[in-house]
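Engineer: Just dropping this structure here.
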Amino acid sequence: MTITRRKFLEAATATAVAGLVQPVLAQAASPDKVLTAQTGQIEIRAGQKKLDIPVWGYGGASPGETLNVEQGGTVSLSLKNELPEDTTIHWHGIRTPNNMDGVPGLTQKAVATGGAFQYRFACDDAGTYWYHPHANSAEQIGRGLCGPLIVQEQRPLAVDRELVWVVADWQVTQDGQVSHAYSNMHDNSHAGRFGNLITVNGQRRPLIDVQPGERIRLRLINAAAARILSLDIPGVSGWWIALDGQPIEPRGLRGDPVYVPPGGRADVVLDIPTGMDPGKILEIADATYRKQRNTLASFKLSGKQVRGTPLAAPQKLADNPISLPNLDGAELKEITFEGGAMGGLRSALLDGEKLPIRQLAQRGALWSTNGKIWSSLDEIAQQDKLFNLDTGKSYVFRLQNRTAFPHPIHMHGHTFQVIAVNGKKKSTPEWRDTVLVFPDEQVDIAFVADNPGDWLIHCHVLGHVTAGMIAAVRVG
Ligand SMILES: [Cu+2]
């Protein structure tokens, strides 16, 4: 990672003016940085018990180290594979050249055990991103392979502290072991695989000391296989300031819920209150699911007050340099998702062969995209793509969810604007790379197809990927 000294000093100066402390960027990594995918172990305290969870992680840790780069800087590192199977790294949300996208069979050869692959790409867009494998994803991400990739703004938001939280969940069996069964017909055909132990940066309900009056920027990354997150933080005022790394007009935490689906990220500014007793605990909870309020972490008030008067609401961060789609000239393409339990799918083309639902199910192919399912990334690579798009042209993809479950639809290589939901136009369209589409919902996304290559578009519920909810488009 390259962070120029001048840029760093500029950022530091801007900070001094505001009287606030910026997080220290990680040291600029040398180009021969190595990230090793290997086995490891994390220890999780669950009540009185300690759980030793065997993981697959970058550097043996889960999550792997936070990669920091300044906007416009370059990530350059070598992935070394010491896992017992093939792997790759996909840079979720980063608009990399196609050969850096990390999809085995489609954009690169899988990295075999003992092998290595050099990744090098520029990060044009500031924001919160993450990296994970795109090979055998349900198991490899499920076992812990993931890490944050933070691209700092050239003019960062003034805060006292930054926190990066990778939320994951694990399935712990009754005898206290972590289950490594990452795929079954029931989960894959319903809402996906939910764990019963939620972790933040590999810890269960971490307790974090905070100071009264402190302003914190929380970067939330949802690395869970199926769990959707939303935040409920009683007693703390805050604003959503970016989603999927892309700045939004700051929106109060107490407004309509913001859902962060699997694969999605959110940046939140939190102002720790003053005037409370030292030792007071403030809970950060996920309140997405009824009857299931889950504490993610807690803040504990301690130390001296940072300021007495609350700061003004944060300003919107600068937009990233993403081409605006030309909606007048955009071509409309419909993408209809069908299948799953209670979905009514009767047949689909599996690798080009029309099969009834019973045979599809026998082969684990449960979700169709425009009536088609591909059995593997190799099939996706070899067969006709879902669409061929012209480089430089604007497109509207109309995503139609004709299933009984929500699906976070992620597109590679491009960041899109969500322009309408159920035909209702958004007055201020927001950028995303992963958009949650609820059952029977129709979401229109628009983008300029300006990144040539073959790009996946898929659901980020990992069990749904296993069951075929994944396709590719060709740009150029
Ligand atoms: Cu899905």
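The values are calculated or read from the model by the stated rules, or taken from the named source; none is laboratory data. Quick caveat: nothing in here was measured; it's all calculated off a predicted structure. Methodologically, a virtual Cβ is constructed for each residue, glycine included, from the backbone with ideal geometry; neighbour enumeration extends over all protein chains shown.
Engineer: Go through Ile42, Ile3 for me and flag whichever is among the hydrophobic types (A, V, I, L, M, F, W, C) and modelled with pLDDT of 50 or more. Steps first, answer last, please.
Structural biologist: On the way: Ile3 fails: modelled with pLDDT of 50 or more.
When all the criteria are applied, what remains is Ile42.
Engineer: Taking the options Asp440, Asp433, Asp384, Asp390, name whichever one is within 16 Å of the ligand (Cβ to nearest atom), exposed (fewer than 15 other Cβ atoms within 10 Å of the Cβ), farther than 16 Å from Val465 by Cα and modelled with pLDDT of 95 or more.
Structural biologist: Exactly one residue qualifies, and that residue is Asp440.
Engineer: Related question: Listed residues Val448, Val418, Val461; which is over 14 Å from Thr336 (Cα atoms) and either touching a His at 6+ places or on another chain (Cβ under 6 Å) or within 16 Å of the ligand (Cβ to nearest atom) (or both)?
Structural biologist: Going through Val448, Val418, Val461 in turn, just one is over 14 Å from Thr336 (Cα atoms) and either touching a His at 6+ places or on another chain (Cβ under 6 Å) or within 16 Å of the ligand (Cβ to nearest atom) (or both): Val461.
Engineer: Among the charged types (D, E, K, R), within 16 Å of the ligand (Cβ to nearest atom) and not assigned by TED's automatic domain parsing to the domain that holds Ala223: which single residue out of Arg402, Arg363 fits that description?
Structural biologist: Within the list Arg402, Arg363, the selection yields Arg402.
Engineer: State whether one or more residues within the range 314-337 are within 16 Å of the ligand (Cβ to nearest atom), modelled with pLDDT of 95 or more, in contact with a Phe, Trp or Tyr (Cβ under 8 Å, 6 or more places away or on another chain) and not basic (Lys, Arg). Give the derivation first.
Structural biologist: Going through the range 314-337, the residues within 16 Å of the ligand (Cβ to nearest atom) turn out to be 335-337.
Next cut, modelled with pLDDT of 95 or more only: 335-337.
Pick out the ones that are also in contact with a Phe, Trp or Tyr (Cβ under 8 Å, 6 or more places away or on another chain) and you get 335, 337.
Filter once more, keeping what is not basic (Lys, Arg): 335, 337.
Yes, the conditions are met somewhere in the range 314-337.
Engineer: If you don't mind, there's one more thing I want to ask. Has the range 346-356 got at least one residue that is closer than 23 Å to Cys459 by Cβ, part of a loop (DSSP other than H, G, I, E, B) and within 16 Å of the ligand (Cβ to nearest atom)?
Structural biologist: Looking through the range 346-356, none of the residues is closer than 23 Å to Cys459 by Cβ, part of a loop (DSSP other than H, G, I, E, B) and within 16 Å of the ligand (Cβ to nearest atom).
Engineer: Residues being at pLDDT 95 or above and over 30 Å from Ile445 (Cβ atoms): count how many of those fall in the range 292-301.
Structural biologist: Here is the first cut: in the range 292-301, the residues at pLDDT 95 or above are 294-301.
Those left that are additionally over 30 Å from Ile445 (Cβ atoms): 295, 297-301.
Total satisfying the criteria: 6.
Engineer: Still on this structure, please answer the following. Pairs please, first residue from the range 328-342 and touching a residue at least 12 places away in the same chain (Cβ under 8 Å) and of a type in the set (S, T, N, Q), second anywhere and part of a strand (DSSP E or B) and more than 16 Å from the ligand (Cβ to nearest atom), Cβ atoms under 8 Å, 6+ apart in sequence or on different chains.
Structural biologist: Note: no pairs meet the criteria.
Engineer: Kindly provide the set of residues from the range 305-341 that are surrounded by 13 or more Cβ atoms within 10 Å (Cβ to Cβ), of a type in the set (Val, Ile, Thr) and assigned to a loop (DSSP other than H, G, I, E, B), ordered by number.
Structural biologist: Val306, Ile322
Engineer: Checking the conditions here, which among Leu83, Leu67 is surrounded by fewer than 24 Cβ atoms within 10 Å (Cβ to Cβ) and closer than 18 Å to His134 by Cα?
Structural biologist: Answer to the check: Leu83.
Engineer: Can you list the strands (runs of 3 or more DSSP E) lying wholly within the range 28-134 that have 1 or more residues being over 25 Å from Ala449 (Cα atoms), in contact (Cβ under 8 Å) with a residue 40 or more places away in the chain and out of contact with any Gly (no Cβ under 9 Å at 6 or more places or on another chain)?
Structural biologist: In the range 28-134, 33-46, 67-70, 74-81, 116-122 are the strands (runs of 3 or more DSSP E) which contain 1 or more residues that are over 25 Å from Ala449 (Cα atoms), in contact (Cβ under 8 Å) with a residue 40 or more places away in the chain and out of contact with any Gly (no Cβ under 9 Å at 6 or more places or on another chain).
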